[in-house]
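The values are calculated or read from the model by the stated rules, or taken from the named source; none is laboratory data. What you see is a predicted model, and the numbers here were worked out from it, not measured in a lab. Here the Cβ is made from the backbone with ideal geometry for all residues, glycine too, and neighbour counts use every protein chain on show.
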Amino acid sequence: MGIITVTSLVCFVFAWWDVALVAGSVAIPTPAETWDALVELYNHGDPITGKSIWDYIGSSLSTFFKGFLLALVVAVPLGLIIGYWKPIREFAQPVIEVMRPIAPIAWAPIFILAINYTLGPVLVVFIGIFFPLLTNMIFGVQKIEHNLIDAAKTMGASQLQIFVKVIIPSSIPFLMNGIKIGLGIGWMCIVAAELYAPQLSGIGFYLAEQATAGFWPGAYSAIVIIAVLGIMTTGLAEYIHKFVSKRMGVDA
Amino acid sequence: MSEIKVEGERYKAKDRVRLDRTDELFKDIAEGEPIMNIEHLRVVYKTDNAETVAVEDFTLQVGKGELISIVGPSGCGKTTILRSIAGLLQPTSGKITIGNKECTSPGSDRGMVFQDFALFPWRTVLKNVEFGMEVAGVPKEERRARALKYIKAVGLEKFADSRIHELSGGMKQRVGIARAMVMHPAVILMDEPFGALDAQTRNIMQEMLVKIVEHSARTIIFVTHSVDEALYLSDRVVVLSKRPSTIYKIVDVPGNRPRDRTDPKFTELRKTILGYLEKQNVME
């Protein structure tokens, strides 16, 4: 971390402190109060549900990764097929264009109430990650350098071999880009979905519970946890993106 | 894999040969005898409201072991001809045959070297050279050994495990050449292979190509816009007319390779060919 990064974060904490003191509202606790609530949660868990901090984090992470894996498994093959075959693309594009601008969170009440409390949030995360993955995959397949396909043809590769050995590897950097964007959106979805779900689990639930009980520092500590987990996942995605791009011979 | 089906002809059991060694199909053809026939090639590009004739009545017989250069005014369709031979482009009419097999689709019997290299950036040098053998199903050990042999022939033995983006332009094209040669194609098509390189590297690459050709008698069709390059490398120089391109003149280049670039007889030939090209430009 550079000196400017550290200064920036320190300034942020002081600004928060200042606003909390000036406003003097219970709805804006100071960083110190928030920190105390966080330590309290860490040491003793949530007295209302009896769950520990790790239960909440684990539950959110598990929902998150289930949604992510589901999106990966569905979006990657679909993106390859849609990107590769023009008639399928022409068929799929209108549907994608209709569905894509819908905020993933809009699906939360429907999925959670119509399906169930555990699968619902997973599906919201899935929707959030699915579209960036899909559109990046489609884009990646179409962006392939045509000369590479020609080169493979002149070496006697069949259509299937070209697909497997040329088109798939050359679209992987685009897939990584989709993952990077998707993970960011996924984090927004998970917490919002948990707010809806009275499933007694997940950071989002803890946030809603604390706010409802009027215990504001607890609600803010939940937001801090969300921020830290978000930075960690996107940081991880960034790292993998760089690593894979380098391996695939593309400048990251 | 062991049987090659071609249009109108099926190779018999005794002619069976692995697809990664198509030169063996034509080993009975003596050096200098025609190995490839291009007859009345015609390519028309169709757009919504217009037809452009890119190539008109291009007929050429290529001898085994011959190095033929194609030069012509820019935009005249040199690449179109090469792509038609490679099978990457369907000619409107005309016939291209290798031996007695008609070429209608791309195949490893015609190797291609691209101006912008067209190497796979996610593969190492070795894996790039192995690609053709990999898709032909050559066993791992064998393809590795063969690939390394050609990587050595182009002077990249220290870079076998390097990635493509770590190489300079000249090195990249060495990989491109090794990748085409390793398949033992009947004909190697080179589309301005040194066009993207600086003059110094270009000379080095030409010398390397000459060395390789002298060692392994390859049949090469070489598209270039450099008359000097054509004269330094080739047995015959095909001068194309402007679009629609057809053969304007064929110039025989005497002398064995390696040649002396400063030889006065090349100066004469150079003048002649440049004169032909000049005429093409004037006619416009």
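Considering only region B:1-33, state which residues are at pLDDT below 50, assigned to a helix (DSSP H, G or I) and charged (D, E, K, R).
The first filter runs over region B:1-33 and keeps only residues at pLDDT below 50, leaving B:1-16.
Cutting the leftovers down to assigned to a helix (DSSP H, G or I) gives us B:13-15.
Across region B:1-33, the qualifying residues are B:14, B:15.
Just a yes or no: is a residue in region B:170-179 buried (at least 21 other Cβ atoms within 10 Å of the Cβ) and not in a helix (DSSP H, G or I)?
No, every residue in region B:170-179 fails to be buried (at least 21 other Cβ atoms within 10 Å of the Cβ) and not in a helix (DSSP H, G or I).
What are the residues in region B:158-181 that are more than 17 Å from the chain's Cα centre (by Cα) and within 11 Å of chain A (Cβ to nearest Cβ), if any?
Passing the criteria: B:162, B:163, B:164, B:165, B:166, B:167.
Among the residues of region B:122-135, write down those that are among the acidic types (Asp, Glu) and either more than 8 Å from chain A (Cβ to nearest Cβ) or surrounded by 24 or more Cβ atoms within 10 Å (Cβ to Cβ) (or both). Full working, then the answer.
Residues of region B:122-135 among the acidic types (Asp, Glu): B:130, B:134.
Selection gives B:130 alone.
Working carefully through the options B:169, B:155, B:137, B:195, find the one that is under 23 Å from residue B:81 (Cβ atoms) and of a type in the set (Gly, Ala, Ser). Steps first, answer last, please.
Working: B:169 fails: under 23 Å from residue B:81 (Cβ atoms); B:155 fails: under 23 Å from residue B:81 (Cβ atoms); B:137 fails: under 23 Å from residue B:81 (Cβ atoms).
Exactly one of B:169, B:155, B:137, B:195 is under 23 Å from residue B:81 (Cβ atoms) and of a type in the set (Gly, Ala, Ser), namely B:195.
With the requirement that a residue be within 10 Å of another protein chain (Cβ to nearest Cβ) and of a type in the set (S, T, N, Q), what does region A:152-185 give you?
A:154, A:158, A:161, A:170
Test residue A:67 against the stated conditions and say whether it is in a helix (DSSP H, G or I) and touching a helix residue (DSSP H, G or I) at 6+ places or on another chain (Cβ under 8 Å). Even if it seems obvious, please write down each step before you answer.
Numbers: in a helix (DSSP H, G or I): yes; touching a helix residue (DSSP H, G or I) at 6+ places or on another chain (Cβ under 8 Å): yes.
In short, yes.
Taking region A:137-151, which residues are of a type outside the set (Val, Ile, Thr) and within 14 Å of another protein chain (Cβ to nearest Cβ)? Can you show your working first?
First pass over region A:137-151, keeping only residues of a type outside the set (Val, Ile, Thr): A:137, A:139-140, A:142-143, A:145-148, A:150-151.
Scanning region A:137-151 gives A:140, A:143, A:145, A:146, A:147, A:148, A:150, A:151.
Do we have residue A:73 as free of Cβ contacts under 8 Å to residues at least 12 places away in the same chain, within 30 Å of residue A:168 (Cβ to Cβ) and of a type in the set (Val, Ile, Thr) here? Even if it seems obvious, please write down each step before you answer.
Numbers: free of Cβ contacts under 8 Å to residues at least 12 places away in the same chain: yes; within 30 Å of residue A:168 (Cβ to Cβ): yes; of a type in the set (Val, Ile, Thr): yes.
So residue A:73 passes the test.
Does residue A:40 fit the bill of being surrounded by fewer than 14 Cβ atoms within 10 Å (Cβ to Cβ), assigned to a helix (DSSP H, G or I) and charged (D, E, K, R)?
On the way: surrounded by fewer than 14 Cβ atoms within 10 Å (Cβ to Cβ): no; assigned to a helix (DSSP H, G or I): yes; charged (D, E, K, R): yes.
The answer is no for residue A:40.
List the strands (runs of 3 or more DSSP E) that sit entirely inside region B:211-284 and contain at least 1 residues that are surrounded by 18 or more Cβ atoms within 10 Å (Cβ to Cβ) and under 16 Å from the mean Cα position of the chain (by Cα).
Values: elements: B:220-223, B:236-240, B:247-252.
Ranges flagged: B:220-223, B:236-240.
Those residues that are in a helix (DSSP H, G or I) and farther than 17 Å from residue B:184 by Cα, I need them from region B:128-167; list them, please. Don't jump to the end; show me each part of the working.
Let us first name the residues in region B:128-167 that are in a helix (DSSP H, G or I), namely B:128-136, B:140-153, B:157-159, B:164-166.
Correct list: B:140, B:141, B:157, B:158, B:159, B:164, B:165, B:166.
Here's the yes/no breakdown for (1) over 30 Å from residue A:244 (Cα atoms); (2) in contact (Cβ under 8 Å) with a residue 40 or more places away in the chain:
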{"position": "B:47", "(1), (2)": "yes, no"}
{"position": "B:51", "(1), (2)": "yes, no"}
{"position": "B:58", "(1), (2)": "yes, yes"}
{"position": "B:63", "(1), (2)": "yes, yes"}
{"position": "B:99", "(1), (2)": "yes, yes"}
{"position": "B:118", "(1), (2)": "no, yes"}
{"position": "B:133", "(1), (2)": "no, yes"}
{"position": "B:136", "(1), (2)": "no, yes"}
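Checking residue A:130 against (1) in contact (Cβ under 8 Å) with a residue 40 or more places away in the chain; (2) surrounded by fewer than 18 Cβ atoms within 10 Å (Cβ to Cβ); (3) of a type outside the set (Lys, Arg), which single condition isn't satisfied?
Single failed check for residue A:130: (2).
Take residue B:155 and decide whether it is touching a helix residue (DSSP H, G or I) at 6+ places or on another chain (Cβ under 9 Å), away from chain A (no Cβ under 14 Å) and farther than 22 Å from residue A:147 by Cα.
Details: touching a helix residue (DSSP H, G or I) at 6+ places or on another chain (Cβ under 9 Å): yes; away from chain A (no Cβ under 14 Å): yes; farther than 22 Å from residue A:147 by Cα: yes.
Spelling it out, residue B:155 is indeed touching a helix residue (DSSP H, G or I) at 6+ places or on another chain (Cβ under 9 Å), away from chain A (no Cβ under 14 Å) and farther than 22 Å from residue A:147 by Cα.
Identify the single condition in (1) in contact with a strand residue (DSSP E or B) (Cβ under 9 Å, 6 or more places away or on another chain); (2) at pLDDT below 90 that residue A:204 does not satisfy, given that it satisfies every other one.
(1)
Run down A:48, A:4 and say which single residue is part of a loop (DSSP other than H, G, I, E, B) and of a type outside the set (Phe, Trp, Tyr). Don't jump to the end; show me each part of the working.
On the way: A:4 fails: part of a loop (DSSP other than H, G, I, E, B).
None of the others qualify; the one that does is A:48.
Hey, could you check region A:79-117 for residues that are more than 18 Å from residue A:127 (Cβ to Cβ) and hydrophobic (A, V, I, L, M, F, W, C) and say which is nearest to the chain's Cα centre (by Cα)?
Among those residues, the one meeting the criterion is A:80.
Which ranges mark the strands (runs of 3 or more DSSP E) fully within region B:34-105 that have 2 or more residues being away from chain A (no Cβ under 14 Å) and surrounded by fewer than 23 Cβ atoms within 10 Å (Cβ to Cβ)? Step through it out loud before you land on a result.
Details: elements: B:34-46, B:51-63, B:67-71, B:93-98.
Passing ranges, in order: B:34-46, B:51-63, B:93-98.
Looking at B:187, B:138, B:154, can you tell me which residue is hydrophobic (A, V, I, L, M, F, W, C), under 27 Å from residue B:74 (Cβ atoms) and either outside the structural domain of residue B:234 (by TED's automatic domain parsing) or surrounded by 23 or more Cβ atoms within 10 Å (Cβ to Cβ) (or both)?
Values: B:138 fails: under 27 Å from residue B:74 (Cβ atoms); B:154 fails: under 27 Å from residue B:74 (Cβ atoms).
It is B:187.
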